[in-house]
Amino acid sequence: MNYDDLADLYDHQYDVYRDDLHFYAGVAERVGGRILEVGAGTGRVTAFLARRGLNVTGLEPSARMIEKGQARAARDGLKLNFVQGDVRSYRHGGHFDLILAPFNALMHLYSLNDQLDALQNIRAHLEPGGPFVFDLYVPHFGKMNTLRHEGETFHAPDGGRTDVFVVQRHDKVKQLITTEYFVDTVDTAGALSRRHFTLTQRYFNRFEVEWLLRCAGFESPRVTGSFQGGPLETTSEVMVFQTRAK
């Protein structure tokens, strides 16, 4: 998935998302040492950890996402360490004490080979016993093949307004959910412009992930249904996995 075209929209949508930040910061502060964040995006989690004095590297395949993240960090007087690369093939000369993959980062691994390549590479970059912590959303979807507005409206300083509409398509056999974004902007003169983006994600169920982790050389994970802990239930919105390299 190439996020270069989606970088601006992504930054607008998730800049204020805070649900996972204190959870990942707590994990990172307990472990300490060298931290790798997989799928760092525009640095939402990376920056939060860096502000706490943690030694974090953000791995991100999209050059545009990194550019956005570095620009925002510079505005905030913060220096972030990004590396452009693919989690399946990334190579580093040493090991990390902790690897994180927040906010559905692994959902861009569409095939079994992609998933195992990524997980085995993550395992290879961890110290023995090193923790690997990540989250995935529980696949609850809205109405398919229907254009809908999900409450995302952005107001520009000049008075312009942007609304985000989505259409989702579900391939149950391949466990793929494809979301088409229609981003409509009305300027102060009333002129309408539209941008269109497509995002495809491979969703998972709990026990599929547990078997993948075992095959890649990890311990059986602790699985919770929220960032605050508690069991995974049918009403849970996220699955949070905490495991260690064998």
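Here are some residues: LEU59, LEU36. Which one is out of contact with any Ser or Thr (no Cβ under 7 Å at 6 or more places or on another chain), open to solvent by less than 10 Å² (accessible area, probe 1.4 Å) and under 19 Å from SER89 (Cα atoms)?
On the way: LEU36 fails: out of contact with any Ser or Thr (no Cβ under 7 Å at 6 or more places or on another chain).
Of LEU59, LEU36, the one residue that is out of contact with any Ser or Thr (no Cβ under 7 Å at 6 or more places or on another chain), open to solvent by less than 10 Å² (accessible area, probe 1.4 Å) and under 19 Å from SER89 (Cα atoms) is LEU59.
Here is the figure for the range 160-179: residues that are over 20 Å from TYR110 (Cβ atoms) and outside any strand (DSSP E or B) total 1. Among the residues of the range 1-47, write down those that are aliphatic (A, V, I, L, M) and under 12 Å from LEU100 (Cβ atoms). Once the filter is applied, which keeps residues that are aliphatic (A, V, I, L, M) and under 12 Å from LEU100 (Cβ atoms), the range 1-47 yields LEU21, ALA25, VAL27, ALA28, VAL31, ILE35, LEU36, VAL38, ALA40, VAL45. Consider the range 129-152 and keep the residues that are assigned to a loop (DSSP other than H, G, I, E, B) and in contact (Cβ under 8 Å) with a residue 40 or more places away in the chain. The one that is least open to solvent (accessible area, probe 1.4 Å) is GLY130.
Residues are listed down the side, and each one gets a yes or a no for (1) more than 30 Å from LEU112 (Cβ to Cβ); (2) in a strand (DSSP E or B); (3) open to solvent by less than 60 Å² (accessible area, probe 1.4 Å):
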position: PHE154; (1), (2), (3): yes, yes, yes
position: TYR181; (1), (2), (3): no, yes, yes
position: THR200; (1), (2), (3): no, yes, yes
position: PHE207; (1), (2), (3): no, no, no
position: VAL223; (1), (2), (3): no, yes, yes
position: THR235; (1), (2), (3): no, no, no
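For beta carbons closer than 6 Å, sequence separation of 6+ or different chains, a first residue in the range 183-194 that is free of Cβ contacts under 8 Å to residues at least 60 places away in the same chain and more than 10 Å from ALA156 (Cβ to Cβ) and a second that is open to solvent by less than 50 Å² (accessible area, probe 1.4 Å) and hydroxyl-bearing (Ser, Thr, Tyr), the qualifying pairs are SER193/THR185. Every listed requirement among (1) under 19 Å from HIS92 (Cβ atoms); (2) more than 13 Å from the chain's Cα centre (by Cα); (3) free of Cβ contacts under 8 Å to residues at least 40 places away in the same chain is met by ALA47 save one, (1).
Which members of the range 206-224 meet the condition of being under 20 Å from the mean Cα position of the chain (by Cα) and free of Cβ contacts under 8 Å to residues at least 40 places away in the same chain? Break it down into steps so the answer makes sense when it comes.
First, pick out the residues of the range 206-224 that are under 20 Å from the mean Cα position of the chain (by Cα): 206, 208-210, 212-213, 221-224.
Within the range 206-224, ARG206, GLU208, GLU210, PRO221, ARG222, VAL223, THR224 meet the criteria.
Here's the yes/no breakdown for (1) touching a helix residue (DSSP H, G or I) at 6+ places or on another chain (Cβ under 8 Å); (2) more than 19 Å from ASN2 (Cα to Cα):
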| site | (1), (2) |
| --- | --- |
| THR146 | no, yes |
| GLY151 | no, yes |
| GLY160 | no, yes |
| VAL164 | yes, yes |
| LEU176 | no, no |
| VAL186 | no, yes |
| ALA189 | no, yes |
| HIS196 | no, no |
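Tell me, please, whether a residue that is in a helix (DSSP H, G or I), open to solvent by less than 20 Å² (accessible area, probe 1.4 Å), closer than 18 Å to ARG195 by Cβ and among the hydrophobic types (A, V, I, L, M, F, W, C) can be found in the range 23-31. No, the range 23-31 contains no residue that is in a helix (DSSP H, G or I), open to solvent by less than 20 Å² (accessible area, probe 1.4 Å), closer than 18 Å to ARG195 by Cβ and among the hydrophobic types (A, V, I, L, M, F, W, C). Quick one: would you say ASP19 is of a type in the set (Asp, Glu), surrounded by fewer than 16 Cβ atoms within 10 Å (Cβ to Cβ) and more than 14 Å from ARG72 (Cα to Cα)? So ASP19 passes the test.
The values are calculated or read from the model by the stated rules, or taken from the named source; none is laboratory data. Model, not experiment: these values are computed from the prediction. Quick reminder, even Gly has a Cβ in these numbers, built from the backbone with ideal geometry, and neighbours come from all protein chains shown. Note: areas computed on protein heavy atoms with side chains; ligands, DNA, RNA excluded. Shrake-Rupley method; radii C 1.70, N 1.55, O 1.52, S 1.80 Å.
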